[in-house]
Structure formats: structure tokens, C-alpha cells
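The values are calculated or read from the model by the stated rules, or taken from the named source; none is laboratory data. A quick note: this is a predicted structure, and the numbers were derived from the prediction, not measured. No Cβ is skipped: glycine too gets one built from the backbone with ideal geometry, and neighbour counts run over all protein chains shown. Protein only, heavy atoms only, side chains kept; ligands, DNA and RNA dropped before computing areas. Shrake-Rupley method; radii C 1.70, N 1.55, O 1.52, S 1.80 Å.
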Amino acid sequence: MFSSKSAAKRRFQLVLIKPSHYDKDGYVVQWVRSTMPSNSLAAVYSLALGAAERQLLGPDLPIDVIAMDETNTRVRPQAIARQIKQNGGLGLVGIIGVQSNEFPRAVDIARRLREAGIQVMIGGFHVSGCLSMLKELPADIQAAQALGISIYAGEAEEGLDEVLTDAARGELRPLYDHMKHLPDIGDIPSPPFLPVDFVRRTIGNVTSFDAGRGCPFQCSFCTIINVQGRKSRYRSPDSVEKILRWNYAQGVNRFFITDDNFARNKDWEAIYDRIIKLREEDGLDIRFCIQVDTLCHRIPNFIDKSKRAGVTRVFIGLENINPANLIAAKKRQNKITEYRKMLLEWKRVGIMTYAGYILGFENDTPESILHDLEIIKKELPLDMLEFFVLTPLPGSEDHKVLYEKGVWMDPDMNKYDVEHVVTAHPKMTVEEWSGIYQAAWGAYYTDDHLETIMRRAYACGINLRSLRTVLFWFSSAVPVEGLHPLQWGIFRIKHRRDRRSGLPIESPIPFYARYAADIARKVTMVAKRWRHLTRILNKVEADPNARLYMDEALTAVADEDSEHMDLYTQNVAARTAVERERRVAAKTGNGHVTNGNVANGNGKNGHDEHGHDGNGHDHAHHAHDEPHPAEPASPLV
Ligand code: B12
Ligand code: SF4
């Protein structure tokens, strides 16, 4: 628990909690150290500190801001209620950045606070998504309001002051709806920030911030465009510099930029230029992980400037390799004919790639998914692949359509973590769909393929020791913990009494016996997997020819690919997509079929025909992304 506090009699207590969610047994998912600090919490915490510094509630009512992230800190509603009462009884608990899968836990926390007479408000993607897409409030949000929980939809940048003022008068409204007006975040005085003690509860020396919000594309499964809009809103380079310097001054120098698509941040270049100046002229050792789309390589300078700006890892929304699925999901900007070229470009500069892959599009079957994974392993020069179950997340067009048609969707929001099947599929039973999600991890991260990934990386100058950590994390989370890698952490904490409402509190002996057995099993598995990856790493490093490694995936993109590569020939949809791109290429005078047009956003076309062989041997970046020796490396930056 971290608080900004000074002495006075009556003090307004603002407690900000980023909630976790429940595991399959109804216990809170919590770690000694969790994956990374929440930017939603950083954003609201910083705005709240700003309000406290401005003495928003007057000189006689100072504000203490206390933040906690439940993924690494136990939340004790009674202790919070006590603290508010001890400080004069005025306060608000804000439950922050609540995703759909976290909503049941958020309500459980709120219920106990409401019973103690404390004012509580819930904000974040679940409530914002529902308000933006549905005609009426869904039952779970109405039930929360019936408990006296106030709901905040939309962004806090222009609405937090009003909330605090109302809360100080004890007059919170049941609903604050800011969905119609998306605030300008360019130069706000309080951009996202969390103190270093907070960052230390997560892995690595990493914090997160959003350099922008919004994405121009229109994927039907996406919530972001309906909550944050399709127009790019972004922080100024000055504001980004402020965030970086604040963190650098407290010893935090790794950053996850949370923009869902940093390549479509309209000001990406000015932001990069500022970061490059900080690195190259002012000597700040800062590094980044970003998220981009599959056409980012077509934006002039984007990849080269990413490298110079200290990007070490990049998340890419690959989603699927069957064009029929991509078209059905309105993900038209994803062109399979661009995938290899884009991945080779990242390889050329030695940046690790993580691709998201969604399972359960309408043409998917267990067999087709396994078949597609083999193609990916053979033909795409990709490092990490992470799997998601296609989920109608509240806030997405998919959810809205099913909701309005009255199609069954699982009412338990705790399952909307993109790992559970929550609706029906035209070609797979629920068991088949869940089964193939579990099986996909093992099918991609086989021993042979782990070695291939390391060999490709070594040949491209990627630091193998950093890669080992990331491969370990992404290949082990599901088999060891049964959780997606983005939800994993170091050492699972389970509190017997922190169980989902409605489930019984277990007696201590069976609970602790199972907990201890679980820990022993996991520690053994983790040690075994780490040793195994180390053996593969040593084998690759000991091979005198390892730098010369070459395979089909690393081979330069060529016209003939479309005749023999399975990626382009495996089915009618793939062949049609190649034909279409061939026609576009002929019209625009571009040589390769891999030269489709950028559909939207920064859309600068037809550039950058380097013909790299993906084997750039840019060994200058060796050891660059090594973590501090005393710090467990982050799987993200
Ligand atoms: C970074 C990120 C993460 C990070 C960190 C989480 C975080 N919140 O920072 C990590 C990696 C941990 C993560 C994990 C997951 N994530 Co995530 N994540 C994001 C991402 C890309 C950015 C979050 C962010 O910083 N947004 C910017 C902030 C400032 O916006 P915000 O959260 O809406 O907060 C603003 C307002 O809502 C409001 N507000 C919020 N709370 C409150 C409270 C009060 C009192 C008030 C007044 C205002 C207020 O003010 C804030 C400032 O303006 C979002 C997409 C997105 N664009 O937001 C997905 C997103 C939130 N994640 C999503 C999902 C599904 C997941 C995972 C389930 C995926 C997985 N299988 O691993 C896990 C679940 C984690 C868990 N439960 O343990 C979904 C949630 C959709 C939904 N309807 O639930 C999103 C929207 C992406 C998507 N696919 O649609 N995620
Ligand atoms: S590219 Fe990503 S952020 Fe943009 S609409 Fe599609 S899923 Fe959403």
C-alpha cells in the first residue's frame, strides 16, 4: 500500500484499487510479484495526486491518495474502512481499470466496503464498453448500482475532480457517463506515474504508460475502438519525456507503452525522435516494449526508429493466417502476404517479436488450427506466439451483435479472460474449442521449435539469454499455472478467506495441504523447464555454425513464395488473397505480391523494398537488453 500523506485532523482518504480476478477454484489470482504495473492505475493515481497537490477540496480537507494492485497486494476491505473512519470518515474507494473478467471480484470488494458504509466507485473497460455499445445497462452493472456502488464510464482526465468533490459532500451519483467526450491527453499536467516502491512489486524494472489512445481499424472483436475511439489522441513529446524522466530519476528505465497500436499513434515519429535524443544525446539508458499492427513495416522509418528508440520487444496482432477468418472479423488490414516481410524487418534490427493468435474464428476447427500452427512454425520467423480464445468481450461489436440477437453467452464475467470459451462456435463443441486452446501452447512450443526459435534468433543477433526468459515465460505459464502468460507472476499467493462470494471458506488443513502440494509441483516443473531451455541455449551457442543458420522462414521474401509456401497455397482463401495482392501490385507498379496498401491510419504506401535476407548480423545490439544482474528479468521488456 503506498500513500501520499501529511499530518492533519480530517483527511479525505482516496483509496485506488486495481482488482485481480478469481481462479477456477474461486481464489484471487495474486503473486509476490506480478507481471507489470497497471497503467490504468498509474493514470488515475497521478491525476489524484495532482488534485491533492492543488488542494481540490480546500486547505482544510487534504487528500491522501493510496494505491494498491491486487495482483500483488492483499486487499483488506475492513482495514480500508477503518482507515477512512480514523481520518474523519470522508473518503472514496475507486476500483480502477476494471476489465470484464475482474468485474465480479471488483463487486465483491465493493460489497464489503458498502456494508461498512464506505463510498465506492467502479471504472474501466467493462463499464465503459457496456455503456458505449449496449442500449441498456446489463444486469451485473445494475446489481452493482443496487448495492450503492457508483459507476464511472469513460476516461478520468476531465471527470475526476467532479467525482472527488461529490464524494467529499457524500453525494456520489449512481452513474458518471463520460463516454461521449474523449479528453485531450496531449499535455495534461499529471500524466501516468507510479512510485518506484510500487514498481518493485512487479517483475523487472518495468513500468507502463500510454503514449496515445485509439486505433483507426475496425476489428469486430475489439473493444478499444468503442471505448477509446478510432481517432488517435496522443501525449506530446514533452509529456512523454516528463514520464520518462520522472521514472528514470527513481531508477525505473524499462517501459511498456500500452498503446494498442503504437504504429498508428499519429505522433509516433516525434515521440521516437524525443526518445532517441534522450538516449543518444542525454545518455538515458531506457528501453521499451510496444504493440503494433502487421502493416507497421510499411511506415517509413518506423522499424529503424524503433530500434534507435530502444525498443527491444514488440507485440503484433497477427491473429490468424486464414484470410477468410480475417475478413470475417473485419481485420482486413492483416494481409498474410505481408506477414513474412514484416517479421523479417523486425528480425533485421534484432527486435524480438510476440504475436497474438486468436483461436475460434468461424472457419477454425481443431485440425485446421494445428495445421496452421505447423505452417507458422515452418514459414514465419516469429519468436513468441500467444493464444487467445475468440471472446465476445463487452464493448466489442461481436458482443453487441450476440447480445442483441439474444445468443447465449456465459453470464459469468470472471470467464471473460480470453482463455475460456463463453459462447458457441459453428464448427467446434465447447470441449473441442477449450481443448485446442490448451493444446495450442504445447503444439507451438515443442522442444524442436524452441531450438529453431533460438537458432533463428541467434543468427539475427538477438540476445539469447533474454530470449530464454521470455520463451520460458510464454511456454510455461499455461502448463505450469494454467494461466495466460500475461496473468502469471512470481510465487502464487492464496488467502483462504479471499474466496469468491457464494463459495464456502475451506477448512485450513485441506486448503493448506493442497496449496503446499501445488507449490511443490510448480517449483519442480519450473526448475525442469528452465534447465531444459538452458540446455537448448547451450547447444545453440556451442555450435560453431550457429551464426550462419538459415531456414525457410528466414529466407528473403520472393515472388516465388506464393507458388510453394503453404502460407499462400493452403486453401482457396489464401490463394485468393495472394491473387488480389498480385493485382494490386501490378496496378501500383510494385514488384512483389507482398506489397499491399496500408488500409488506414498513417497509410504511406509502397516503400521500403530492401529485400533483406533476415540475416542482418547486426551484432551491435548484443547484450543490450540484458536486465540488471540483481533483477529478475521481465518477460515483457
Ligand atoms: C496494458 C494492458 C494490460 C496490462 C496491464 C493492465 C492495465 N490495465 O494497465 C496486462 C498485461 C496486465 C493486461 C492483462 C490482461 N488484459 Co489487458 N489491456 C491492456 C491495455 C492494452 C491498456 C490498458 C491501459 O493502460 N489503458 C489506458 C487506461 C488509461 O485506460 P483505462 O484502463 O480505460 O482507464 C481510464 C478510464 O477507464 C478511467 N477509469 C478507469 N478506472 C477508473 C476508476 C475510477 C474510480 C474512475 C473515476 C475512472 C476510472 O480513467 C482511466 C484514465 O482515463 C488494454 C487496452 C486499452 N486500450 O485500454 C487491454 C485490456 C484492458 N485488456 C484486456 C484483457 C482481456 C486482458 C487479459 C484478460 C488478457 C490475458 N488473457 O492475459 C489480461 C487480464 C489481466 C488480469 N485480470 O489479471 C481487455 C479488456 C476487455 C474487457 N472488456 O474486459 C482490453 C481492453 C484489451 C482488449 N482485448 O479488448 N492488460
Ligand atoms: S488493430 Fe488492434 S486495436 Fe486496432 S481495431 Fe484491431 S484489434 Fe483493435
Quiz item: Just how large is the dipole of the range 259-389 about the Cα centre, in debye to the nearest 20, putting +1 at every Lys and Arg Cβ and -1 at every Asp and Glu Cβ?
Solution: 400 debye
Exercise. Report, largest value first, the span of the C-alpha coordinates of the range 362-471 along each principal axis, in whole Å.
Key: 52, 26, 19
Quiz item: Carbon and sulfur atoms: what percent of the 1.4 Å accessible area of the range 456-506 do they account for?
Solution: 55 percent
Quiz item: What share of the DSSP beta bridges in the chain is antiparallel, in percent to the nearest 5?
Solution: 20 percent
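On full extension of the chain, what length is gained from His181 through Tyr515, given 0.36 nm per residue of separation minus the C-alpha to C-alpha distance? It would help to have the intermediate numbers written out before the result.
On the way: separation 334, 0.36 × 334 = 120.24 nm, distance 4.73 nm.
Gain on extension, His181 to Tyr515, equals 115.5 nm.
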Quiz item: Can you put Met565, Met550, Met413 in order of accessible area, largest first, using a 1.4 Å probe?
Solution: Met550, Met413, Met565
Self-check item: Residues of type lysines that Lys277 reaches as a straight line, Cα spacing below 28 Å, ignoring anything fewer than 8 places off in the same chain
Solution: Lys231, Lys242, Lys266, Lys305, Lys307, Lys347, Lys604
Exercise. On the protein heavy atoms, probe 1.4 angstrom, tell me the percent of accessible surface of the range 71-155 carried by carbon and sulfur.
Key: 50 percent
Quiz item: Picking from Pro62, Ser100, Asn72, whose Cα lies most toward the positive end of the charge dipole for the range 1-135 (charges on Cβ: Lys, Arg +1; Asp, Glu -1)?
Solution: Pro62
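What does the accessible area per residue of the chain come to in Å², with a 1.4 Å probe and no ligands, DNA or RNA counted? Write out the running numbers ahead of the final one.
Values: 24340 Å² over 637 residues.
With all protein chains present, the chain gives 38 Å² per residue.
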Quiz prompt | Two-decimal log10 I(q)/I(0) for the range 206-354, as the Debye equation yields it once each C-alpha is a single scatterer, q = 0.11 Å⁻¹ | solution = -0.42
Self-check item: Proximal aspartates and glutamates relative to Lys522, as straight alpha-carbon distance under 19 Å, when same-chain residues fewer than 8 apart are discounted
Solution: Asp23, Asp25, Glu481
Exercise. Normalising by the residue count of the chain, find the relative contact order in percent from Cα pairs under 8 Å and 6+ residues apart.
Key: 16 percent
Self-check item: For the range 1-86, alpha-carbon Rg over 2.2 N^0.38 Å
Solution: 1.22
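Mean shadow of the range 454-539, computed from the convex hull of its alpha carbons, in nm²? Spell out each step's value before the answer.
Working: hull surface 26.9 nm².
If I average the Cα hull's projected area over directions, I get 6.7 nm².
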Quiz item: Cysteines of the chain lacking any other cysteine beta carbon under 4.7 Å?
Solution: Cys130, Cys215, Cys289, Cys296, Cys460
Practice problem: For Lys405, list the lysines whose Cα falls under 23 Å from its own Cα; do not include residues on the same chain fewer than 8 positions away. | Solution: Lys135, Lys330, Lys331, Lys415, Lys427
Exercise. Beyond 39 Å, what share of the Cα-Cα pairs of the chain is found? Please give it as a whole percent.
Key: 30 percent
Quiz item: the range 355-407 to the range 480-538: how many Å between their Cα centroids?
Solution: 27 Å
Quiz prompt | the range 120-180: mean projected area of Cα convex hull, nm² | solution = 4.0 nm²
Practice problem: Go through Ser562, Ala520, Asn545 and say which Cα lies farthest out towards the positive end of the charge dipole of the range 417-568; charges sit on Cβ, +1 for Lys and Arg, -1 for Asp and Glu. | Solution: Ala520
Quiz item: When the Kirkwood hydrodynamic radius is evaluated over all pairs of different C-alpha atoms of the range 215-301, what value in angstrom, to one decimal, is obtained?
Solution: 14.2 Å
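Heavy atoms only, probe 1.4 angstrom, no DNA, RNA or ligands counted: give me Lys9, Lys405 ranked by accessible area, highest first. Mind showing how you got there, number by number?
Working: Lys9 190, Lys405 150 Å².
Heavy-atom accessible area, descending, gives Lys9, Lys405.
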